[in-house]
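Asker: Sharing a structure below in structure tokens format, with a few things to ask.
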Amino acid sequence: MKRSGLLVGLALAWLSLGVQAGDMASAEEGHAARGIFLGYDEAERRITIAHEAVPDVMMAMRMHLALPDGEPTPDFSVGDKVAFQMFSRVENGRSWYAKEFEALPAGTELELPEALRDKIGH
Ligand SMILES: [Cu+2]
């Protein structure tokens with residue numbers, strides 16, 4: 001009897017893991033974001049960007065974002081304003097990615113906190 005209880009418990013645990021994995025897969029749909037391009041690290045294939053707040057996802061900050069396979073190397077200069085999609089994948093912990101970059105007009109007003117602007121110098 002004890003043993004079957006344990007098996008049921010394991011089955012339930014396994015099912016709930018399955019549900020979580022489903023949620024995580026759907027996280028790959030992108031969130032629209034805008035920010036200031038701060039650099040590209042070719043060896044790590046990731047960009048550095050200061051992005052505006054993304055509602056319900058992330059506060060404004062400077063961060064690294066990896067480029068997914070197939071995403072062309074972004075052709076921007078430091079300080080350029082860009083729009084993009086950000087999304088996460090769970091790998092070793094959660095990893096954040098950026099895709100579908102578009103240049104924004106230089107005159108675009110971005111909403112970035114003063115402290116962040118001071119930190120990045122743009
Ligand atoms: Cu961020």
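Asker: What number goes with the only condition from (1) in contact (Cβ under 8 Å) with a residue 60 or more places away in the chain; (2) part of a strand (DSSP E or B); (3) in contact with a strand residue (DSSP E or B) (Cβ under 9 Å, 6 or more places away or on another chain) that Thr108 does not pass?
Answerer: (2)
Asker: Could you check, for the range 76-99, whether at least one of its residues is without any contact (Cβ under 8 Å) to a residue 24 or more places away in the chain, basic (Lys, Arg) and in a strand (DSSP E or B)?
Answerer: yes
Asker: May I ask you to list the residues in the range 56-71 that are small (Gly, Ala, Ser) and surrounded by fewer than 16 Cβ atoms within 10 Å (Cβ to Cβ)?
Answerer: Answer for the range 56-71, where residues must be small (Gly, Ala, Ser) and surrounded by fewer than 16 Cβ atoms within 10 Å (Cβ to Cβ): just Gly70.
Asker: Does the range 71-91 contain at least one residue that is at positive phi and modelled with pLDDT under 95?
Answerer: no
Asker: Follow-up question, since we're still on this one. Being at positive phi and charged (D, E, K, R) is the filter; apply it to the range 33-62 and report the residue that is nearest to the ligand (Cβ to nearest atom).
Answerer: Among them, the one singled out is Asp56.
Asker: Of all the residues that make up the range 72-108, how many are among the basic types (Lys, Arg) and loosely packed, with under 12 Cβ neighbours inside 10 Å?
Answerer: 1
Asker: Look through Gly70, Gly93, Gly79 and report the one residue that is more than 14 Å from the ligand (Cβ to nearest atom) and within 15 Å of Arg34 (Cβ to Cβ).
Answerer: Exactly one residue qualifies, and that residue is Gly79.
The values are calculated or read from the model by the stated rules, or taken from the named source; none is laboratory data. Owing to the predicted nature of the structure, the values given are computational and were not obtained by experimental measurement. Positions of Cβ are backbone-derived with ideal geometry, glycine not excepted, and every protein chain shown enters the neighbour counts.
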